[in-house]
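The values are calculated or read from the model by the stated rules, or taken from the named source; none is laboratory data. As the structure is a prediction and not an experimental result, all values here were calculated from the model. Cβ coordinates were reconstructed from backbone atoms using ideal geometry, including for glycine residues, and neighbour counts include every protein chain displayed. Accessible surface areas use protein heavy atoms only, side chains included; no ligands, DNA or RNA. Shrake-Rupley method; radii C 1.70, N 1.55, O 1.52, S 1.80 Å.
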Amino acid sequence: MSDLLDQPASVRTGEELDLAKLEPYLRTQFPGESGELQVRQFPSGHSNLTYSLQLGEKMLILRRPPFGNKVKSAHDMSREYRVLSKLHSEYDPAPEVLCYCDDLAVLGAPFYLMKPIYGIILHKNLPDGLKLSAATARKLSESFIDNLLRLHQVDYAAAGLADLGRAEGYLERQLRGWIERYHGSKTHDYPEIEKLSAWMQAQMPTTRAVSLIHNDYKYDNVILDSNEITRIAGVLDWEMCTIGDSLSDLGTSLAYWVDAEDPDELQQNRWGPTNHEGSLTREEVVQHYALRTGCDVSQMVFYLTFARFKLAVIVQQIYYRYHLGVTKDERFASMPERIQILLRASWHGAQCGRI
């Protein structure tokens, strides 16, 4: 399946790296590499930017904040680097980082370098040439959730990450913060915002399970082993990782998980082939997690409602940069429609009480 491996492409206009400044820095970090520097960019992703670097024979991955970023806390490279530097030895799907640079004279923003992880990344639809039987799709679904559970079982204190976040009051802080983020990046009036804000504050559960959480765990943030498609070889995009409510992490994954019987407008917001024959449904995902952990999942409607709301706010923040003209990426032009779909789905779920 080597032709299905995730591949970088040409660097997008407006997101070029200053190679005249980057190359001397790389030479100091990897003095044994004498070949030329080549740079390409991974085309997926809407937040932090990811580049593939080839310096002579050495392959590297560079992560930096988006151009025009004004919210440091949303794209904290030093925090993401610190998480990965401690987590990889405890949870090997996390990338192995190599170095961190906070010298703004190099690229105008902090960045870090990590080792590449080779494999297949599933996006909205299966790539041409990849066929999954119903049995394999089901096994992949289970592996996907088991790998999230494996992260939740990491002893974060032993890993040196106990100060990454505060479990006490986590949901309350998150809910307040995401409502504030929406209003701070508002461009349109959506009728669901006020209704959802009031409902979530009234229905907020008590946190019962605390763990290290990824906060953006979905199919296109995992790398699959090309020799064994149901094995998770890597997990990407750790910028929102923290210590918090474990079920909120599961809820985030559910917000990306679109069932085969979901309406057409929700299918537009699918982030992976979760509607493929044999895949677990959202309800089955929740029951699989509950069976493995013994967690009380009776309030998953809240967690899914909040996760869809949070995802809508993330998309709103991305669109806000486009609205202000600080990014020219035309993928962002249609984001208000996606925001509306997510908010409608969030409110519908809250009203009907189903996941």
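Taking the condition touching a residue at least 60 places away in the same chain (Cβ under 8 Å), open to solvent by less than 10 Å² (accessible area, probe 1.4 Å) and of a type in the set (A, V, I, L, M, F, W, C), does I232 pass?
On the way: touching a residue at least 60 places away in the same chain (Cβ under 8 Å): yes; open to solvent by less than 10 Å² (accessible area, probe 1.4 Å): no; of a type in the set (A, V, I, L, M, F, W, C): yes.
So I232 fails the test.
If you take the residues of the stretch 152-182 that are closer than 18 Å to K86 by Cα and touching a strand residue (DSSP E or B) at 6+ places or on another chain (Cβ under 6 Å), which of them is surrounded by the most Cβ atoms within 10 Å (Cβ to Cβ)?
Among those that are closer than 18 Å to K86 by Cα and touching a strand residue (DSSP E or B) at 6+ places or on another chain (Cβ under 6 Å), it is Y156.
Kindly state which helices (runs of 4 or more DSSP H) lie completely within the stretch 75-178 and contain at least 1 residues that are free of Cβ contacts under 8 Å to residues at least 24 places away in the same chain.
Numbers: elements: 77-87, 104-107, 134-152.
Of the helices (runs of 4 or more DSSP H) lying wholly inside the stretch 75-178, those with at least 1 residues that are free of Cβ contacts under 8 Å to residues at least 24 places away in the same chain span 77-87, 104-107.
Filter the stretch 100-143 down to residues that are of a type in the set (V, I, T) and open to solvent by 10 Å² or more (accessible area, probe 1.4 Å) and give me whichever is farthest from E284 (Cα to Cα). Break it down into steps so the answer makes sense when it comes.
Looking only at the stretch 100-143, we keep the residues that are of a type in the set (V, I, T), and these are 106, 117, 120-121, 136.
Imposing the further condition that a residue be open to solvent by 10 Å² or more (accessible area, probe 1.4 Å) reduces the set to 106, 117, 121, 136.
On the way: V106: 48, I117: 30, I121: 23, T136: 16 Å.
So, considering only residues that are of a type in the set (V, I, T) and open to solvent by 10 Å² or more (accessible area, probe 1.4 Å), the one farthest from E284 (Cα to Cα) is V106.
Find the helices (runs of 4 or more DSSP H) located wholly in the stretch 242-345 whose residues include 2 or more that are buried (at least 22 other Cβ atoms within 10 Å of the Cβ), in contact with a strand residue (DSSP E or B) (Cβ under 6 Å, 6 or more places away or on another chain) and at pLDDT 95 or above, and list them.
On the way: elements: 246-256, 264-267, 282-293, 300-324.
Filter on the stretch 242-345 gives 246-256.
Looking at the stretch 15-29, which of its residues are part of a loop (DSSP other than H, G, I, E, B) and open to solvent by less than 30 Å² (accessible area, probe 1.4 Å)? Quick ask: steps written out before the conclusion?
Our first condition is that a residue be part of a loop (DSSP other than H, G, I, E, B); within the stretch 15-29, this holds for 15-18.
Hits for the stretch 15-29 are E15, L17.
Which one of T206, T187 is in contact with a helix residue (DSSP H, G or I) (Cβ under 7 Å, 6 or more places away or on another chain), of a type in the set (V, I, T) and either in a helix (DSSP H, G or I) or surrounded by fewer than 17 Cβ atoms within 10 Å (Cβ to Cβ) (or both)? Before you say what the answer is, go through the steps one by one.
Working: T206 fails: in contact with a helix residue (DSSP H, G or I) (Cβ under 7 Å, 6 or more places away or on another chain).
Criteria check complete, one pass: T187.
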